[in-house]
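Since the structure comes first, as structure tokens, the remarks are kept for the end.
The values are calculated or read from the model by the stated rules, or taken from the named source; none is laboratory data. Note that the structure is predicted; figures quoted are calculated from it, not measured. Here the Cβ positions follow ideal geometry from the backbone for every residue, glycine too, while neighbour counts run over all protein chains shown. Ligands, DNA and RNA are stripped out before the accessible areas are found, and what is left, the full protein with its side chains, is counted by its heavy atoms. Shrake-Rupley method; radii C 1.70, N 1.55, O 1.52, S 1.80 Å.
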Amino acid sequence: MKKKAPKGVIIYEGASEIDNKPTVGILTFESKNMKTGNMAQTTHMRSDIDPVTAEKEGYDESVCGDCIHRGHKGKKKRSCYVNLGQAPLAIYKAYKRGLYPVFDPAIHGELLRWRKVRFGAYGDPACAPFECLETIAKLSMSTTGYTHQVEHKNFDPRIATLCMVSADSPKQAKKYHDKGYRTFRVAVPNDNLYPNEIPCAFESGGVQCIDCGLCDTAGSGAPSIVVTIHGTGAKKFKTASLIPTLQVA
């Protein structure tokens, strides 16, 4: 009898590239996310603390760094769109029950051959070693990913060849554009766009990430993307509209 394919695999288990604390990266093969479509996706968490507790106690720094959308241990309101009590917690519990085998390219590589992968459904991909992500990228059809760690002292610049740089204001986006990065900027409704930015295709036309592909290949020369803040923490995020050009659709 043919062995049933796993629902997910451990792609990395070790010290965080951000703060050297114990973390785990898990690649799951199915997603019900309406925006992304059915992409495989990675989730990055502390391996010793469940994600809900880690966020409350501030240990999520290991996988989120100084991301503005973190709660920072009660010092500010969390604006991250990820509901930690749902998929991340379920994945953590499955990991602790030993349901995910360690990724072996020879065994599991075929599962990625016709799949598109989203790096960082939760957690910043930059918390994992570049080589780990690069292996997944080479085996899969394509990838998308975003990182808030470009200014972190431990940031590996090679991550920016796989992930777009997250920006949270027009000023920050301009700074990164000037350095040659493509950005994925979070904006408030009716915020404005730079000439080299376009709205997320899901917002402007209902095109899922799995079909769009514009967030693939961070250095491709394609336009930067702007998305309206969304998710459970959306009301806690504010940014100024400083660009007198087009508006987010």
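Within the range 202-218, work out how many residues are over 17 Å from the mean Cα position of the chain (by Cα) and without any contact (Cβ under 8 Å) to a residue 60 or more places away in the chain.
From the range 202-218, those over 17 Å from the mean Cα position of the chain (by Cα) are 203-207, 211; that's our starting set.
Remaining after also requiring without any contact (Cβ under 8 Å) to a residue 60 or more places away in the chain: 203-207.
Here the count works out to 5.
Return only the number of the condition from (1) on the phi < 0 side of the Ramachandran plot; (2) free of Cβ contacts under 8 Å to residues at least 40 places away in the same chain; (3) out of contact with any strand residue (DSSP E or B) (no Cβ under 8 Å at 6 or more places or on another chain) that A54 does not satisfy.
The one condition A54 does not meet is (3).
Evaluate the range 6-14: report whether one residue or more is surrounded by 15 or more Cβ atoms within 10 Å (Cβ to Cβ), in a loop (DSSP other than H, G, I, E, B), out of contact with any Leu (no Cβ under 7 Å at 6 or more places or on another chain) and not charged (D, E, K, R).
yes
Of all residues in the range 15-62 being of a type in the set (A, V, I, L, M, F, W, C) and part of a loop (DSSP other than H, G, I, E, B), which is nearest to K93 (Cα to Cα)?
The first filter runs over the range 15-62 and keeps only residues of a type in the set (A, V, I, L, M, F, W, C), leaving 15, 18, 24, 26-27, 29, 34, 39-40, 45, 49, 52, 54.
Within this subset, residues satisfying the condition of being part of a loop (DSSP other than H, G, I, E, B) are 18, 29, 34, 39, 49.
Details: I18: 23, F29: 17, M34: 24, M39: 21, I49: 10 Å.
Looking at residues that are of a type in the set (A, V, I, L, M, F, W, C) and part of a loop (DSSP other than H, G, I, E, B), I get I49.
Based on what the data block shows, is S220 out of contact with any Cys (no Cβ under 9 Å at 6 or more places or on another chain), at pLDDT below 95 and either open to solvent by less than 30 Å² (accessible area, probe 1.4 Å) or assigned to a loop (DSSP other than H, G, I, E, B) (or both)? Break it down into steps so the answer makes sense when it comes.
Numbers: out of contact with any Cys (no Cβ under 9 Å at 6 or more places or on another chain): yes; at pLDDT below 95: yes; either open to solvent by less than 30 Å² (accessible area, probe 1.4 Å) or assigned to a loop (DSSP other than H, G, I, E, B) (or both): yes.
Yes.
Based on this model, can you work out whether P170 counts as touching a strand residue (DSSP E or B) at 6+ places or on another chain (Cβ under 9 Å) and not small (G, A, S)? Write out each step before concluding.
Working: touching a strand residue (DSSP E or B) at 6+ places or on another chain (Cβ under 9 Å): yes; not small (G, A, S): yes.
Against the criterion (touching a strand residue (DSSP E or B) at 6+ places or on another chain (Cβ under 9 Å) and not small (G, A, S)), P170 qualifies.
What is the number of the single condition among (1) of a type in the set (A, V, I, L, M, F, W, C); (2) surrounded by fewer than 15 Cβ atoms within 10 Å (Cβ to Cβ); (3) in contact with a Gly (Cβ under 8 Å, 6 or more places away or on another chain) that F29 does not meet?
Here F29 clears every test but (2).
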